[in-house]
Amino acid sequence: MLPTTNDNAADKAAETGGNEFLAFTLGKEEYGIDILKVQEIRGYEAVTRIANAPEFVKGVINLRGIIVPIVDMRIKFQLGEPTYDQFTVVIILNISGRVVGMVVDSVSDVITLNPGQIKPAPEMGTAFNTDYLIGLGTLEERMLILIDIDKLMSSAEMGLIDKIAA
């Protein structure tokens, strides 16, 4: 008899098109996003503010002729007052053909996780809706909060990218 799995996290991991995740930190927590969504990683630079933009949208930068909105994830996830130092980076993402920058405290490495290392996210009052989570990735003593960056960046509250066609 073949074992069957009804593990939603493993299903979501299979959907991510590979199990390599870029690990980054926000505050004391470590997060991961699908490496295939990452276009490049840059140091933080001054942005041009946009009037009436949500607080978490820091502004825009000109990236080789493309105007890129920059989202500060510490503000988005309500993780306290952001500080910008030599470790602060902007992860440039390509999501559904749109380019978006995401400010994080630091980037550590690329981690490969097999489906067995990805556990479903517990239902609890977190800083963001668990709909935006793939699950929790475990690797030795580390635990990464795996974010479905497509869903997060295309959510209505972000308003940055048109809804992804299901």
**Prompt:** In segment 59-84, what residues are in contact (Cβ under 8 Å) with a residue 40 or more places away in the chain and within 15 Å of M102 (Cβ to Cβ)?
**Reply:** I61, P69, V71, M73, R74, K76, F77, L79, Y84
**Item:** Within segment 69-88, considering residues that are of a type in the set (V, I, T) and buried (at least 20 other Cβ atoms within 10 Å of the Cβ), the one nearest to I149 (Cα to Cα)
**Value:** V71
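If you take the residues of segment 42-80 that are in a loop (DSSP other than H, G, I, E, B) and acidic (D, E), which of them is nearest to V104 (Cα to Cα)?
Out of the qualifying residues, it is E45.
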**Asked** Restricting attention to segment 48-67, which residues are over 17 Å from I91 (Cα atoms), of a type outside the set (G, A, S) and surrounded by 13 or more Cβ atoms within 10 Å (Cβ to Cβ)?
**Response** I50, P54
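Rule-based calculations on the coordinates, nothing more; no lab input. Here the structure is a predicted model, which means the values were calculated and not measured. Heads up, the Cβs are rebuilt from the backbone with ideal geometry, glycines too, and the neighbour counts pull from every protein chain shown.
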